[in-house]
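Asks: Below you will find the structure I want to go over with you.
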Amino acid sequence: MTASIEVSRVSKWFGEVVALSDVSFTIGPGVTALLGPNGAGKSTALRLVCGLTRPSQGSVTVLGHDPRADPAHLRRLGLVPQQEALFEGMTARAFVTLAAELHQVAAPGAAAEASLREVQLDPDDRRNIATFSKGMRQRVKVAQALVHDPEVLVLDEPLDGLDPRQRLHLIALFRRLGESGRCVVVSSHVLDEVERFGSRVLVIVQGRLAAEGDFHAIRELMDNRPHRLRCRTDRPHALGAALLASGAVVGVWVTGAEEVVVDTSDVARLRRSVARAAVEAEARLLELVPIDDDLESVFRYLVGPARGADGAAR
């Protein structure tokens, strides 16, 4: 992977508060999602990448340059901040045109018009930004970040306040930009958004990098966490007992009239054993599917204690 962003052994503290602690990662072209609960350090990491603050220790490079030492190089980067720092007395077109001029775009008016249309805003809207809804203001921020056609796009919670249709549109736009070879970094604490990006994931928890990679791969590497599957059967109690007796599972919960949830540390062994267990229990096996092979489960494992099928900590 060609590195667009390199963060090496970075820590950042504000007085006695440690926002990031010894974090390292490399991001290349495509979409990378920065995932974590609120207050985990995501925005601090993005501010470091954009040169808005310096690391307390460690180093950050963007396209081979230190963003603090070479501000002119930041013309190759577009930023959508979490904060709403807009000139509210301007129209969207005037605001995005100003961004294009500051980035020395050759035809700023035309670029602003194209960028606003890209996010489905009317370039001829004469209303000031102060009258816009939160979703419209978010799209103005995205338009100004795109107007100079940056190689690196940094987006801090860009979908906040958007309606479902606009969320889908911007998710498709970000994916398209990533597929075109740009480096797109999107922070979010909303799990279904991250899954829709279909992206590589960096998980930050309490200022540390907890995991990275495709979330399916992250789950497979978590050998200390049992895998959870759901069996549909006409005799859930009998099948659960037979599976426990076989040694293929480490936990069983009957969760419905035709459903038993099991935990196993060896999925392959369970799949080999389940048919034999069903025969012994005189049970019809209707379905066997994983129920923790998703981002929500991975995220829950990373940020909190393991929980039983009834939701209780254990």
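The values are calculated or read from the model by the stated rules, or taken from the named source; none is laboratory data. For clarity, every value in this text was computed on a predicted model and none was experimentally measured. Heads up, the Cβs are rebuilt from the backbone with ideal geometry, glycines too, and the neighbour counts pull from every protein chain shown.
Asks: Do we have any residue at all in region 117-135 that's among the basic types (Lys, Arg), surrounded by fewer than 16 Cβ atoms within 10 Å (Cβ to Cβ), within 28 Å of residue 44 (Cβ to Cβ) and in contact (Cβ under 8 Å) with a residue 24 or more places away in the chain? Full working, then the answer.
Replies: Of all residues in region 117-135, those among the basic types (Lys, Arg) come to 117, 126-127, 134.
Next cut, surrounded by fewer than 16 Cβ atoms within 10 Å (Cβ to Cβ) only: 117, 126-127, 134.
From what's left, within 28 Å of residue 44 (Cβ to Cβ): 134.
Filter once more, keeping what is in contact (Cβ under 8 Å) with a residue 24 or more places away in the chain: 134.
Yes; the residues of region 117-135 include at least one that is among the basic types (Lys, Arg), surrounded by fewer than 16 Cβ atoms within 10 Å (Cβ to Cβ), within 28 Å of residue 44 (Cβ to Cβ) and in contact (Cβ under 8 Å) with a residue 24 or more places away in the chain.
Asks: Still on this model: Please count how many residues of region 22-36 are over 20 Å from residue 151 (Cα atoms), of a type outside the set (Val, Ile, Thr) and surrounded by 16 or more Cβ atoms within 10 Å (Cβ to Cβ).
Replies: Here the count works out to 2.
Asks: Restricting attention to helices (runs of 4 or more DSSP H) lying wholly within region 39-146, give those where 1 or more residues are touching a helix residue (DSSP H, G or I) at 6+ places or on another chain (Cβ under 6 Å) and of a type outside the set (Ser, Thr, Tyr).
Replies: So the answer is 92-102, 108-118, 134-146.
Asks: Within region 168-183, is there a residue that is touching a Pro at 6+ places or on another chain (Cβ under 9 Å), small (Gly, Ala, Ser), part of a loop (DSSP other than H, G, I, E, B) and at pLDDT 90 or above?
Replies: yes
Asks: Continuing with this model, one more query. Can you give me the number of residues within region 163-213 that are of a type in the set (Gly, Ala, Ser) and without any contact (Cβ under 8 Å) to a residue 40 or more places away in the chain?
Replies: 3
Asks: Ok, one more. How many residues does region 147-167 hold that are part of a loop (DSSP other than H, G, I, E, B) and β-branched (Val, Ile, Thr)?
Replies: Adding up the residues that qualify gives 1.
Asks: Can you name every residue in region 11-46 that is over 26 Å from residue 214 (Cβ atoms) and either of a type in the set (D, E, K, R) or in contact (Cβ under 8 Å) with a residue 24 or more places away in the chain (or both)?
Replies: Listed by number, the residues that qualify are 11, 12, 13, 16, 18, 19.
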